[in-house]
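**Student:** Structure in structure tokens, see below.
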């Protein structure tokens, strides 16, 4: 009996030693895995996990922990299939607390979804359904819509059924699933009726309804129910606050104050103007960092109210052109004035029409009035170099900066508002030390820009505008014509054939137009339509004629075939 | 035929009388083209077109005709909207093309239909010269597809999803690949047998469009199309000459027909010039190469979209690289090996194969931009003691491996530029110094997005600076003073459809501003995942091309890019001949060389008519050739 007791003790000791040794090994596995994780060495960590999972001497608890390590490492290594397998393994192993497992599952689901690995993402997401009640409310609010979207992206109706059965499915997402099912099962035109007839939907707050409809529309589009998606989106649009475009009536004032000084001395310095600026969307402002082509002052929106209250502009036109005067209050003006920089800028967008027209963009830096122009097209008959026409100055006084911009009618000669009968798109963004404020949306957002409505000029002013443009055109043409004829007639440098037979007749035609206009045989309106464009663009006209002349010469259309003939 | 030509001539006259054709010919014909120039609202322009066609149709000569044709500059800055008369159109029946044997030529025209027709097609004849001909297969006709894009379309790469503008963009053989709903301003893409809505608003979440596997297919040649009296139809003709085509004049026809019935004929006049174009070189130094590069779509993603099918990826990439070569885009940034995204062996295979595909498709192997990592965030922002053991060694082991792969495929002498951190702040620029040094130690060079501030903190270690936005000849001069090179992006990024804008800004304007090339962003990318949907997180889809199952679909502005680089090739040819002529001891040759250089120096690249510039360059080149071939009678000096 005594020996028996000793043997028992020996067995016990051996068992303990064995257990301790196994424990040591288990620790080795974990230590090794964690070392690789610290070194960001995912492949080796995964290999170590595999080795550990094949070790039958480890108990289920250890296998469970190792499986979670494997899932986590595979997720970071973007091997989502492996992560899904490891999580599947973990799900079948006993554990008293599955919070960490769920956290890894959710992470793998999020990451795989973000990387567009939809099939595996769906698999991981569905595996979380049974445990979804362990997620926080916030996590569920993110998880279920994402899972529904993933099911739609993969076209898995079976997944929809599984999600619908989930115990912890929020009512809003259950409603979303019902709507997807009902709308996709009916003809598209019935979609609005299905939406309206749902009492649970009507009880939701408008913003929740809007988001839900957008999600339903997304799922319908992914399931290739395009028309139903369009109908659903129409219903969503009805919940949106209609966009209200800023508007400004541009009045005639002949003459408008000349230069910044003139405006500062007028009532406009202290009164009136368009001032309904709003803060620039902060998220959109942050994305402007990606615009490597322009530098803008962005801020943290402190003291923005001051800038909102102290920024406005006036727009007038006279017989010469369009006058813009911007008043920009600045509490730290003296500091910026002494440096002649740092007070931000005025970013201006202008398009002479509400659609189908190119647009202009320029930034006036404050207070030094340095101007950066950003062309949005190539210079041509219909898109001109604004730098050559614009005049601008900024003056500081009374804690304010007054910026004057003048654009002459000769710049807009072919899109005069009273010819096109069209409003113009216009936007001003002031980049202040506290951030951006805008009258007309975000940068380049033509669709949200303000609308300039042009007051019709009286007949006297209209005639005066036309006459001034015409006189400019005639003077410019006379100068250009002489230079062009002289060059092309030059015996050494020019091409007399071109000068005599092509250029001179074209100019004679224009001369006749001018004579008819001068003698009153042609009205200013007719002249503006028939002759003016070529007077304003004589260089381009000559280039067009020259290009055509050479093309004809090279292709044998000028009566002088080339020396080679397909030989 | 003669009668038909008379009708065409009559059409020209009528059009000139009543329309807005601002054509040079119309002026010389004694018609005042600007007489009824529609400078009014879109509605008025629409009405002008309708009135013009109505009046023509009611005339005796035009009563039974199907359409009137307007020839337009193929890369015009005018949008040529379908419901307006083309402001720069010439109403005639003759397309003219002048090209060299190693260039791709182009022309464009619009059909303005009088009545509705379906099942219309165009047959191309061979082009006949005096003793030889060019086969019809050398000519490729495509329809310029108009569709709705974001509000800033034609002008900018910034997004404006609040408005939709109708713009010409895609060049398609089958116009029905895209369906356009003008009432709602929606586009639909034909994917296999179904239509996918690709104009959905921002609130819709679509995710990625798997363009590698999606069955989006254009026809192999011009498919039957329809004519609608409410809309002009625009066509884009490209000519690829077979090897050995002789210089000279050739003529052929385009026959427009329906069900065997002829609806009209256009003449094609082609002049093949007696010289070839060299590769482009820089304006500031005729000995230096002008590089054409671009950021590329992620290879690993395409591989994943293909479900790991190497053959599918190979087919697509090869089609893409051949297409790039044809568009003068010779040095695309090489995709890096995707460690961590793919198993190592697969990543290595894909990396090597991609280099082989580039080489096999004729892209030059003398220089490789990209392909090798240059540093990573962890290396720059973590002190050595905070990094995992061996991290840096592993990084450079990978660099050596990638460099060895590149050199084994492209050649031992290949110059390899590693690409620095994109648009680095100054801290990041300084942080890269030790790693760039190690790359220079290995005989590599550095290309980095840069700006003038880099001159304060870097530059000495940046061999190629890629500047964003507006061109700056002053900056170019500073970089050149160090023997470094400078290229440009975002002026604009890809996206704006105006082909003249792209042709100019990535062609002659860049060249004359003393830059060393174009390295724009991006060949095809949409951060939101669907390249067919225009909005892309604040930007529009960056695209020179759109994806098809078997390659890519060209765009009008991509043709603009090709022409822009061809302009530089013509300028290079002119300069090479001028230098040669100047070196001759012959006053005529000397003067011809100086005159040609004077012309090029005075050309205002930001505003000159680029088609005329091209013609003038050809005129000078031909004169220089004459002078050099000894036709000049001047005595030697």
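The values are calculated or read from the model by the stated rules, or taken from the named source; none is laboratory data. Because the structure is predicted, anything quoted here is derived from the model rather than measured. With ideal geometry, Cβ positions are generated from the backbone for all residues, glycine too; neighbour counts draw on all protein chains shown.
**Student:** Which of the residues that make up segment B:592-614 are at the interface with another protein chain (Cβ under 10 Å from one of its Cβ atoms) and either without any contact (Cβ under 8 Å) to a residue 24 or more places away in the chain or in contact with a strand residue (DSSP E or B) (Cβ under 7 Å, 6 or more places away or on another chain) (or both)?
**Tutor:** Hits for segment B:592-614 are B:598, B:599, B:604, B:607, B:609, B:612.
**Student:** I'd like the full set of residues that are touching a residue at least 60 places away in the same chain (Cβ under 8 Å), more than 22 Å from residue A:442 (Cα to Cα) and surrounded by fewer than 20 Cβ atoms within 10 Å (Cβ to Cβ), limited to segment A:322-362.
**Tutor:** A:331, A:332, A:333
**Student:** Counting residues that are at pLDDT 95 or above, out of contact with any helix residue (DSSP H, G or I) (no Cβ under 7 Å at 6 or more places or on another chain) and within 22 Å of residue A:372 (Cβ to Cβ), which helices (runs of 4 or more DSSP H) fully inside segment B:464-562 reach at least 3?
**Tutor:** B:473-481, B:508-512
**Student:** Which of the numbered conditions does residue B:108 fail, given that it passes all the others? Conditions: (1) touching a residue at least 60 places away in the same chain (Cβ under 8 Å); (2) outside any strand (DSSP E or B).
**Tutor:** (2)
Residue by residue, here is whether (1) more than 14 Å from chain A (Cβ to nearest Cβ); (2) in a loop (DSSP other than H, G, I, E, B); (3) free of Cβ contacts under 8 Å to residues at least 40 places away in the same chain holds:
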{"residue": "B:145", "(1), (2), (3)": "yes, no, yes"}
{"residue": "B:149", "(1), (2), (3)": "no, no, no"}
{"residue": "B:162", "(1), (2), (3)": "no, yes, yes"}
{"residue": "B:170", "(1), (2), (3)": "yes, no, no"}
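**Student:** Would you be able to tell me the number of residues in segment A:175-211 that are surrounded by 22 or more Cβ atoms within 10 Å (Cβ to Cβ) and within 24 Å of residue B:207 (Cα to Cα)?
**Tutor:** Adding up the residues that qualify gives 5.
**Student:** May I ask you to say which residue of B:380, B:372 is away from chain A (no Cβ under 14 Å), closer than 30 Å to residue A:35 by Cα and surrounded by fewer than 21 Cβ atoms within 10 Å (Cβ to Cβ)?
**Tutor:** From the options B:380, B:372, the qualifying one is B:380.
**Student:** Right, next: Against the condition in a helix (DSSP H, G or I) and touching a helix residue (DSSP H, G or I) at 6+ places or on another chain (Cβ under 8 Å), how does residue B:416 come out, does it pass?
**Tutor:** No: the conditions fail for residue B:416.
**Student:** For segment A:327-440, which strands (runs of 3 or more DSSP E) that fit wholly inside it have 3 or more residues that are over 28 Å from the mean Cα position of the chain (by Cα) and either more than 14 Å from every other protein chain (Cβ to nearest Cβ) or under 30 Å from residue A:539 (Cα atoms) (or both)?
**Tutor:** The qualifying strands (runs of 3 or more DSSP E) are A:391-397, A:400-408.
**Student:** Taking segment B:430-453 on its own, how many of its residues are in contact with a helix residue (DSSP H, G or I) (Cβ under 8 Å, 6 or more places away or on another chain), surrounded by 22 or more Cβ atoms within 10 Å (Cβ to Cβ) and within 14 Å of chain A (Cβ to nearest Cβ)?
**Tutor:** Residues in segment B:430-453 being in contact with a helix residue (DSSP H, G or I) (Cβ under 8 Å, 6 or more places away or on another chain), surrounded by 22 or more Cβ atoms within 10 Å (Cβ to Cβ) and within 14 Å of chain A (Cβ to nearest Cβ): 1 in total.
**Student:** How many residues does segment B:190-209 contain that are assigned to a strand (DSSP E or B) and within 11 Å of chain A (Cβ to nearest Cβ)? It would help to see each step written out before you state the result.
**Tutor:** First, the residues of segment B:190-209 that are assigned to a strand (DSSP E or B): B:190-191, B:194-197.
Filter once more, so that each one left must be within 11 Å of chain A (Cβ to nearest Cβ): B:191, B:194-197.
The number of residues fulfilling the criteria is 5.
**Student:** Quick one: residue A:117 ticks every box in (1) within 27 Å of residue A:32 (Cα to Cα); (2) within 14 Å of chain B (Cβ to nearest Cβ) bar one, so which box is it?
**Tutor:** Among (1) within 27 Å of residue A:32 (Cα to Cα); (2) within 14 Å of chain B (Cβ to nearest Cβ), residue A:117 violates only (1).
**Student:** Of everything in segment B:24-51, what is at pLDDT 75 or above and in contact with a strand residue (DSSP E or B) (Cβ under 8 Å, 6 or more places away or on another chain)? Give them in sequence order.
**Tutor:** Result: B:49, single match.
**Student:** Another one. Restrict the check to segment A:253-276 and report whether at least one residue is surrounded by 17 or more Cβ atoms within 10 Å (Cβ to Cβ), within 13 Å of chain B (Cβ to nearest Cβ) and assigned to a helix (DSSP H, G or I).
**Tutor:** No - not one qualifying residue is present in segment A:253-276.
Table: residues versus (1) under 19 Å from residue B:123 (Cβ atoms); (2) within 13 Å of chain A (Cβ to nearest Cβ).
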position: B:225; (1), (2): yes, no
position: B:240; (1), (2): yes, no
position: B:249; (1), (2): no, yes
position: B:255; (1), (2): yes, no
position: B:263; (1), (2): yes, no
position: B:291; (1), (2): no, no
position: B:309; (1), (2): no, no
position: B:314; (1), (2): no, no
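**Student:** Out of A:293, A:298, A:287, which single residue is modelled with pLDDT under 95, within 30 Å of residue B:471 (Cα to Cα) and more than 14 Å from every other protein chain (Cβ to nearest Cβ)?
**Tutor:** A:298
**Student:** Next question. Considering each residue of segment B:355-405, count those that are more than 28 Å from residue A:43 (Cα to Cα) and part of a loop (DSSP other than H, G, I, E, B), and give that number.
**Tutor:** Adding up the residues that qualify gives 6.
**Student:** Report, by residue number, each residue of segment B:172-188 that is touching a strand residue (DSSP E or B) at 6+ places or on another chain (Cβ under 6 Å) and within 9 Å of chain A (Cβ to nearest Cβ).
**Tutor:** Once the filter is applied, which keeps residues that are touching a strand residue (DSSP E or B) at 6+ places or on another chain (Cβ under 6 Å) and within 9 Å of chain A (Cβ to nearest Cβ), segment B:172-188 yields only B:188.
**Student:** Taking segment A:130-168 as the search range and keeping residues that are over 35 Å from the mean Cα position of the chain (by Cα) and outside any helix (DSSP H, G or I), which one is surrounded by the fewest Cβ atoms within 10 Å (Cβ to Cβ)?
**Tutor:** Looking at the filtered set, the residue picked out is A:167.
**Student:** Quick check on segment B:135-143. Is at least one of its residues more than 7 Å from chain A (Cβ to nearest Cβ) and in contact with a helix residue (DSSP H, G or I) (Cβ under 8 Å, 6 or more places away or on another chain)?
**Tutor:** Scanning segment B:135-143, I find at least one residue that is more than 7 Å from chain A (Cβ to nearest Cβ) and in contact with a helix residue (DSSP H, G or I) (Cβ under 8 Å, 6 or more places away or on another chain), so the answer is yes.
**Student:** Would you check if residue B:70 is more than 9 Å from chain A (Cβ to nearest Cβ), crowded, with 24+ Cβ neighbours inside 10 Å and modelled with pLDDT of 95 or more?
**Tutor:** Considered against the rule, which asks whether it is more than 9 Å from chain A (Cβ to nearest Cβ), crowded, with 24+ Cβ neighbours inside 10 Å and modelled with pLDDT of 95 or more, residue B:70 comes out as yes.
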